[in-house]
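The structure appears below as C-alpha cells.
The values are calculated or read from the model by the stated rules, or taken from the named source; none is laboratory data. Being a predicted model, the structure only gives us computed values, none of them experimental. All Cβ positions, glycine included, derive from the backbone under ideal geometry; neighbour counts span all protein chains shown. The protein model used for the area step is the full one, side chains on, heavy atoms only, and it has no ligands, DNA or RNA in it. Shrake-Rupley method; radii C 1.70, N 1.55, O 1.52, S 1.80 Å.
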Amino acid sequence: MSAGLRVLVVDDERPALDELTYLLDADPRVGEVVACQSATDSLRLLREREVDCVFLDIQMPGLSGLELAEVLGRFKQPPPVVFVTAHEKHAVDAFDLHAVDYVLKPVRPERLAEAVRRVLAAGAPPPAAPDTQVAVERGGVTRFVDRGDITHVEAQGDYARLHTSAGEAYLVRVPLTTLEEQWAEAGFHRIHRSLLVALAHVTEVRTESGRTSVMVGDTELPVSRRHTRALRDVLVRRARAGG
C-alpha cells in the first residue's frame with residue numbers, strides 16, 4: 001500500500017458514484033479508485049485485479065450490497081468493506097458481515113476520511129512484539145537474556161528465578177507478581193502461586209488423577225486447581241489464533 005489504497009466503489013446511482021469517487025480520489029492516502037455501477041460488474045472486475053478495500057451501496061438492483069459483501073467474505077483474502085448508504089436500518093446486518101465502517105449519505109468529506117482511516121487500521125499488521133532483553137547478574141557479571149528464551153519463572157521470596165530453554169537459571173530481584181503484570185502481553189501466564197509459564201514454550205498439558213501439569217521442554221510444571229480452567233481457556237484461544 002506504499003503507493004496508496006486501491007479502492008473499488010460500487011453504487012448503481014451515477015451521481016452518488018461520481019461524488020464518492022471524487023472524494024476518495026482527493027484523499028492523499030488513496031492511490032487509485034475504480035468505479036462500478038453494479039455488484040455483478042464489480043465481481044467481474046475482481047477476477048482480473050486486486051483491490052485493498054471496497055466502498056459499496058446496499059440497495060442496488062440485482063445483487064445487493066449485503067449479498068456482495070457475503071460473497072467477498074468468502075474470498076481467500078477478503079477486502080475490507082465500507083458500506084455507504086442512505087439507510088440506517090441495515091447497520092446491524094452490515095456489522096454482522098464484519099464491515100469496517102457504515103457511512104450515511106449524504107457523505108461528508110471528514111466522515112469519509114474517518115472511514116479511510118479505519119480501512120488502513122483494519123489492514124495494518126499487528127505491532128511486532130519488542131525484542132526484550134532481561135538484565136541478570138551472576139558472579140558480578142551482568143548478562144542479557146532474551147525474554148523469548150525464558151520458559152518459566154519461579155518465585156523465590158521477593159526474587160524470581162528465570163529458567164531458559166538452554167537449561168540455565170538466573171535470579172532477579174523482582175517479585176513474581178510484578179513480572180506477571182509486566183509480561184502478560186508477552187504470553188506469560190500464572191499456573192501456580194509460585195509459577196509463571198511462557199505459553200509459547202508449552203508443548204503438552206497433562207491431566208492425571210485430577211491433577212494438571214504442563215510440559216516445558218523436559219520439565220513438568222504443576223498447575224494448581226484454581227488456575228487450570230484459565231490456562232486451558234488461554235491455550236485454546238491461542239491455538240485458534242494460530243499462535
quick shape note, region 1-50: Cα extents on principal axes in Å, largest first -> 29, 26, 8
Rg/Rh over Cα atoms for region 133-242, Kirkwood Rh, comes to 0.97
Rounded to whole angstroms and listed largest first, the alpha-carbon spread of region 5-123 along its three principal axes comes to 31, 29, 27
Note on region 21-119: contact order normalised by length, alpha-carbon pairs under 8 Å, 6 or more apart, percent, works out to 23 percent
For region 75-119, the percent of accessible surface on carbon and sulfur atoms (probe 1.4 angstrom, ligands and nucleic acids excluded) is 56 percent
Taking every DSSP bridge whose two residues both lie in the chain, the antiparallel percent to the nearest 5 is 65 percent
So the compactness index of the chain, its C-alpha Rg divided by 2.2 N^0.38 Å, takes the value 1.46
Between residue 89 and residue 169, the two model label points (7 Å from Cα along the beta-carbon direction) sit apart by a distance in nm of 6.9 nm
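With r as the distance between the Cβ atoms of residue 38 and residue 76 and R0 = 22 Å, compute the FRET efficiency 1/(1 + (r/R0)^6) and round to 0.05.
With a Förster radius of 22 Å, E is 0.40.
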Result row for the chain, helices from DSSP H with C-alpha axial extent 20 Å or more and mean Kyte hydropathy at least -0.5, is 109-123
